[in-house]
Amino acid sequence: MVQDGQGAGGELSANDLASVKQLNEGYQTIRKQMAKVIVGQEAVVEELLISIFCRGHCLVIGVPGLAKTLMVSTLARCLNLTFHRIQFTPDLMPSDITGTEVIQENKTTGERELRFIAGPIFANMILADEINRTPPKTQAALLEAMQEHQVTTAGVRRPLDEPFLVLATQNPIEQEGTYPLPEAQLDRFMFNILVDYPSEAEEFEIVRKTTTSEAPLVEAVMDGAGIKKLQEIVRRVPVADHVVRYAMTLARLTRRGKTEVPAFVQDYVAWGAGPRASQYLVLAGKARAVLHGRFYVSTEDIRQVAYPVLRHRVITNFNAEAEGIKTDDIIRQLIELVPSGESEALSGGRVPEVFRAKDAR
């Protein structure tokens, strides 16, 4: 029997294990480099790195002034990636993102020809600032890029630079004049990351550091080729079957009317998470495990990534809004409800049938 914390379903080679060690060391170095500029926000930095090594995209929610842009640009420098910021406004057009073709005269032949001018989407890391301030037509310009890592202009498919990551920010305060992202587009984001206010000690350090002429120097820790190699390593990390079923259970228990769900889900959830949530829970668990220097995925890894994965995929109803119940409250109750150990799960405890292996039913 595979115990919680042990891998199953494959083995990593000696080179893979060395790469996992390298990734853990790189993670520690990146944190030190980021700390030169960003005070606190360790969990946010970890979630951003997990998404990068999973080839995922992030929706970053936070009020103005919490250094979201500075955090992303600093991370791009640490990883030696090209970085473009796109400020989304109501008059922004899709071609302003993807690029457009213009007519130019060939000075040698005198003939006119079409030339493609690449848009800001052609970079490794894209900050889509205040994405909900632009109409859906322009928001949709990101969909193909996020899913296929390419854009199509004038019938020509143009691949994007790899690795490719979209970080879209939203301001949770101002809602007037905004265009909420459709659920189908929200589901394309691997993580929904909350950037919270700093603690008193952290704010003191922020004020002390940013009110001088001191300019910290951030050194590059990795490069694009190294990141692509480590992305492959993450996908080869083995996962025990009961860890996969644990992730599935967290997602499936949010689907009201489809399975036997807890009373609080029945009362407060309108729509639950789809299969992509289960996939991202396992994939993010793999990345978190190797970032912490482990060669296996535990249910603790799944619990730690459950909030950013499920936060934008569980849609609450009017009852939840009236009673002040947030999506994070529902996720927390699910984590408390579902047993994390294999022995507890298979002993006929609180977990639904989906968590059980076929040979144990």
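Using just its DSSP H runs of length 4 or more, each adding -39500 (n - 2.57), the chain gives a mean residue ellipticity at 222 nm of -13000 deg cm²/dmol after division by all residues.
For the chain, the longest principal axis of the Cα atoms and the long axis of helix 241-252 meet at an angle of about 70 degrees. Overall form of the chain: prolate. Here a/c, set by the Cα gyration tensor axes a ≥ b ≥ c, is 1.5 or more, and a/b is the larger of a/b and b/c. Rounded to whole numbers, the Karplus 3J(HN,Hα) couplings from phi for region 291-307 are 4, 9, x, 10, 9, 8, 10, 10, 5, 5, 4, 5, 4, 5, 9, 5, 5 Hz, using 6.51 cos²θ - 1.76 cosθ + 1.60 with θ = phi - 60°, and x at Gly and Pro. Between the Cα long axis of helix 224-235 and the first principal axis of the chain there is an angle of about 20°, rounded to the nearest 10.
With a/c under 1.5 counting as rounded, go ahead and sort region 202-311 into rounded, prolate or oblate using the C-alpha gyration tensor (a ≥ b ≥ c being the square roots of the eigenvalues; past the cut-off, prolate if a/b is larger than b/c, else oblate).
Details: a/c = 3.08, a/b = 1.55, b/c = 1.99.
Here region 202-311 falls in the oblate category.
3J(HN,Hα) along region 320-325: 5, 5, 5, 9, x, 8 Hz, from the Karplus curve 6.51 cos²θ - 1.76 cosθ + 1.60 with θ = phi - 60°, whole Hz, x for Gly and Pro. Between the amide H of LEU194 and those of ILE61, distances stay under 5 Å, these residues lying 5 or more places away or on another chain, with hydrogens modeled in the peptide plane. Of GLU336, GLU300, the sequence from fewest to most neighbouring Cβ atoms within 10 angstrom is GLU336, GLU300.
Shape verdict for region 77-144, please, from the Cα gyration tensor: rounded (a/c under 1.5), prolate (a/b greater than b/c) or oblate. Intermediate values should be presented prior to the final figure.
On the way: a/c = 3.37, a/b = 1.58, b/c = 2.13.
Oblate is the answer for region 77-144, as a/c is 1.5 or above yet b/c matches or exceeds a/b.
Distance from the C-alpha centroid of region 180-225 to that of region 273-347: 23 Å, rounded to the whole angstrom. From the phi of every residue in region 205-218, what ³J(HN,Hα) in whole Hz does the Karplus formula 6.51 cos²θ - 1.76 cosθ + 1.60 yield, where θ is phi - 60° and glycine or proline is x? Residue by residue, region 205-218 yields 5, 4, 4, 4, 6, 8, 10, 10, 8, 5, 10, x, 9, 9 Hz.
Amide H contacts of ARG85: LEU127, each under 5 Å away and 5 or more positions distant or on a separate chain (H built 1.01 Å from N in the peptide plane; Pro and chain starts excluded).
Distances between placed amide hydrogens fall under 5 Å for GLY99 paired with GLY119, all partners being 5 or more residues away or on another chain.
Taken together, the values in this text are just the output of simple stated rules run on the coordinates, not laboratory data. What you are looking at is a predicted structure, and each value in this text was computed from that prediction instead of being measured. Cβ coordinates were reconstructed from backbone atoms using ideal geometry, including for glycine residues, and neighbour counts include every protein chain displayed.
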